[in-house]
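These notes concern the structure reproduced below.
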Amino acid sequence: MSLLALSDVSVSYGPLTAVRNVTLEVGQGEIVFLAGPNGAGKSTLLRAVAGVLAPSQGKITLAGTPTAGLRSEALVRLGFTLVPEGREIFGSLSVAENLAIGAYLRRDRDGIDEDMDFVLTELPALKPRLRDPAGLLSGGQQQMLAIGRALMTRASLIAIDEPSLGLAPKLIDQVYDILLALREKRDLTLLIAEQSFLRAVEVDARLLMLRSGHVVGSGKARDLAAERSLEGSFFGFEGAAA
Ligand SMILES: Nc1ncnc2c1ncn2[C@@H]1O[C@H](COP(=O)(O)OP(=O)(O)OP(=O)(O)O)[C@@H](O)[C@H]1O
Ligand SMILES: [Mg+2]
């Protein structure tokens, strides 16, 4: 059974249909990329999966449960967390408080403490900054914090909207090294939106390419790259950083 399944999903903002007829299955432990240029519908699709937007058509199933009518909190309880575009860190709260927000639905005190230790071991850059306002962190540190906050929910499926946004190439590499390590250690499933498809090719992931709300390609990123269908779909985006 797929951990996440989308069947013929369309998402609209009033009269504008921003995502059309997406069908996608994500299995336990997989990494799947959504790639496409500005306005492709990546964030819209992730918001629909996260229960922030209701699909105008189609069905989304998380761990076998149809998500229609479920709000974000219910989806967190089912093991799904979204790291939204722009990270949405609370800048005036401390790093520790931002991490604690990830665990706000949980009551298992021991598990929360254990996860806090895990997060600070895996994301050591956060440790010396725990008492600092999160707004003072660098962009890379804020991305680590957003990932840490997602881990504090105990999610088994984490969706991340453009983790590389605004980061220098070296930092992007670091973020991906951490994500891949976390995937191993926690058996995490990752759904990652990026403008560029290059990272999907690099980590040998499955890829769904969107353009103007339409699926313009799907499959193993390396197979798609070998068919040279990616360049055409992403004309002008081959050089993007991620
Ligand atoms: N809140 C909104 N209200 C109306 N239209 C929206 C809204 N958010 C996005 N759109 C439109 O939906 C389409 C898809 O936007 P979306 O933000 O999902 O793209 P994206 O692939 O995430 O792009 P980017 O790479 O720039 O983040 C665009 O045409 C956009 O203008
Ligand atoms: Mg977006």
**Prompt:** Within the range 174-204, how many residues turn out to be surrounded by fewer than 19 Cβ atoms within 10 Å (Cβ to Cβ), part of a loop (DSSP other than H, G, I, E, B) and either in the same structural domain as Gly86 (by TED's automatic domain parsing) or touching a residue at least 60 places away in the same chain (Cβ under 8 Å) (or both)?
**Reply:** 2
**Message:** Looking at Ser94, Ser72 in this structure, which one is touching a Leu at 6+ places or on another chain (Cβ under 9 Å), polar (S, T, N, Q) and either surrounded by 18 or more Cβ atoms within 10 Å (Cβ to Cβ) or modelled with pLDDT under 95 (or both)?
**Reply:** Ser72
**Prompt:** Would a scan of the range 33-40 turn up a residue that is away from ligand 2 (no atom under 13 Å from the Cβ) and surrounded by 15 or more Cβ atoms within 10 Å (Cβ to Cβ)?
**Reply:** yes
**Complete:** Over the range 189-219, the set of residues more than 12 Å from Gly36 (Cβ to Cβ) and either touching a His at 6+ places or on another chain (Cβ under 6 Å) or modelled with pLDDT under 95 (or both) is Leu198, Arg199, Val201, Glu202, Val203, Asp204, Gly219
**Request:** Looking for whichever is assigned to a helix (DSSP H, G or I) and farther than 30 Å from Ser2 by Cα here; the options are Leu75, Leu99, Leu171. Which one fits?
**Result:** Leu171
**Request:** With respect to Pro55, determine if the residue is within 16 Å of ligand 1 (Cβ to nearest atom) and either within 19 Å of the chain's Cα centre (by Cα) or closer than 24 Å to Val201 by Cβ (or both).
**Result:** yes
**Prompt:** Residues of the range 205-221 being under 17 Å from Glu162 (Cα atoms), away from ligand 2 (no atom under 16 Å from the Cβ) and in a strand (DSSP E or B), which ones?
**Reply:** Arg206, Leu207
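The values are calculated or read from the model by the stated rules, or taken from the named source; none is laboratory data. The model shown is predicted, which means the values in this text are computed figures rather than measured ones. Note: ideal-geometry Cβ built from the backbone for every residue, glycine included; neighbour counts use all protein chains shown.
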